[in-house]
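Peer 1: Here it is, the structure in full.
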Amino acid sequence: MKKLITLILAVLLLFCSTVNASALELLGMKKGDTDLDGKITSDDARTVLRCSVGLYIPSLLIRSLFDLNSDGKISSEDARLTLRLAVGLDGTGNKPVSKETLAKNISEKVSEKELDRLMRGLCSMGSRSVIFPKTNKKAADYISQELKKAGLTPEMQTFYYAGIETQNITAVLNEGKKNGKILLLSSHYDCWDGAEGAIDNASGVSALLHTVMLLKESGIAFNCEIRITFFSAEEMGYYGAYHYLSTLSADEKSRLSVFNIDMAGNSLLGGGKMLSVSTNSAYVSGAVSNELSRAIDNAKNFTCNMGENGYYSPVSAGLHDIVPFEKLSIPAVTLSWREIRPAGSYGSDYGLSSPSQIHTKLDTYENFNLSSLTATTKLIINTVILSYTV
Ligand SMILES: [Zn+2]
């Protein structure tokens, strides 16, 4: 009976030029849900945008679902309002939304399942070391595919290490203004030749890929150009990072800051863990804060809860892909999980070491900690939204 009433109502509505909101509700429809799947997503916003430029013509019955502000026209403004609904914001466009609300809404979308899928994809192919060019290229293709799925246009940046061809993968997340600031989000995808490289650094790559996916989907307006680069040959001495730098003009270098992610998930083995922000590698003179370390610290205070994952160090030193940038005084940080151990072991500084599994056969998918990777990904997203959005 209910179905019959709905059908009659639908037929009657077909003859109305304007279908009002309460009639839509009776039919179980809501404004913005253009594909009637019960959810409002960025796909719906895209459909509204296509409609606004005449690339898509909805049936009369559902036309008013596209007219978010009920002004009788379907315009790009309606697409914008649909996108706001898709990221959990108010769809009237009237209330200003704080960066804190945006950061909270989007970081809540971080999915353990998605991070786990990326980790499995990267760890299942064997060592991604540059000395195994086939696997190294396979990993680069995998990352490139994931960036395409997120709606970006990745490019391979080919270079050579000891005569072996390898590549960085680069993409632009946000164009930004001419001559404005450039934020580079980076992570190395190669690993030590004898390891699966789960913590070092499939975890950093997964965190960055998931971050890119969520930020792109959100349609947020950023206040700077945002570039994404996955470096190769880090383990050989930051060759990918050096090559990336060699492709930049002096002007680009002067506008650049680098947010690097290495070992974004800690291990399930070993001792006390600390999430650390490395600003430089100057063991002797000590580490100093910079604009990015302060941005992470601000987001950490907002995120607050690292839960079971351990401690947090706002400024430390460490050897990572930031070294080539640091040499040119370009503001750079690496966010990474470390272990609290006495100085003297591998990668040690200020009593912090790389996790004991790093550069051993124990750096495997089974030994990495998904919950620390999830918390770190949220922190990355919060940092970018709180400090780099309009
Ligand atoms: Zn690493």
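Peer 1: Which residue out of D200, D193 is within 21 Å of F325 (Cβ to Cβ), among the charged types (D, E, K, R) and within 16 Å of the ligand (Cβ to nearest atom)?
Peer 2: D200
Peer 1: With a cut-off of at least 1 residues that are within 30 Å of Q167 (Cα to Cα), name the helices (runs of 4 or more DSSP H) lying wholly within the range 54-147.
Peer 2: Those helices (runs of 4 or more DSSP H) span 112-123.
Peer 1: Residues of the range 170-184 being surrounded by fewer than 24 Cβ atoms within 10 Å (Cβ to Cβ) and in a strand (DSSP E or B), which ones?
Peer 2: Listed by number, the residues that qualify are T170, A171, V172, L173, N174, I182, L184.
Peer 1: Let me ask something else about it. Just checking, does the range 196-208 include any residue being in a loop (DSSP other than H, G, I, E, B), touching a residue at least 60 places away in the same chain (Cβ under 8 Å) and more than 21 Å from V172 (Cα to Cα)?
Peer 2: Yes.
Peer 1: Let me spell it out: the conditions are (1) touching a residue at least 60 places away in the same chain (Cβ under 8 Å); (2) assigned to a strand (DSSP E or B); (3) among the hydroxyl-bearing types (S, T, Y), and T211 meets all of them except one. Which number is the exception?
Peer 2: (2)
Peer 1: Criterion first (among the β-branched types (V, I, T), under 17 Å from the mean Cα position of the chain (by Cα) and in a helix (DSSP H, G or I)) does V258 satisfy it?
Peer 2: no
Peer 1: Specify which of the listed residues (K177, K148, K216, K137) is more than 15 Å from the ligand (Cβ to nearest atom), of a type in the set (K, R) and either touching a residue at least 60 places away in the same chain (Cβ under 8 Å) or touching a His at 6+ places or on another chain (Cβ under 7 Å) (or both).
Peer 2: Every option except K216 fails the conditions.
Peer 1: Have a look at E196, E175, E235 and point out the one that is assigned by TED's automatic domain parsing to the domain that holds L379, in contact with an Asp or Glu (Cβ under 9 Å, 6 or more places away or on another chain) and within 24 Å of S76 (Cβ to Cβ).
Peer 2: Exactly one residue qualifies, and that residue is E175.
Peer 1: Being modelled with pLDDT of 90 or more, in the same structural domain as N201 (by TED's automatic domain parsing) and more than 15 Å from the ligand (Cβ to nearest atom), is that true of even one residue in the range 340-360?
Peer 2: Scanning the range 340-360, I find no residue that is modelled with pLDDT of 90 or more, in the same structural domain as N201 (by TED's automatic domain parsing) and more than 15 Å from the ligand (Cβ to nearest atom), so the answer is no.
Peer 1: Related question: Select, from L147, L122, L209, L152, the only residue that is at pLDDT 95 or above, buried (at least 22 other Cβ atoms within 10 Å of the Cβ) and over 17 Å from M263 (Cα atoms).
Peer 2: The unique qualifying residue is L147.
The values are calculated or read from the model by the stated rules, or taken from the named source; none is laboratory data. Remember, predicted model here, so these are calculated numbers, not experimental data. All Cβ positions, even for glycine, are placed from backbone atoms using ideal geometry, and neighbour counts span all protein chains on display.
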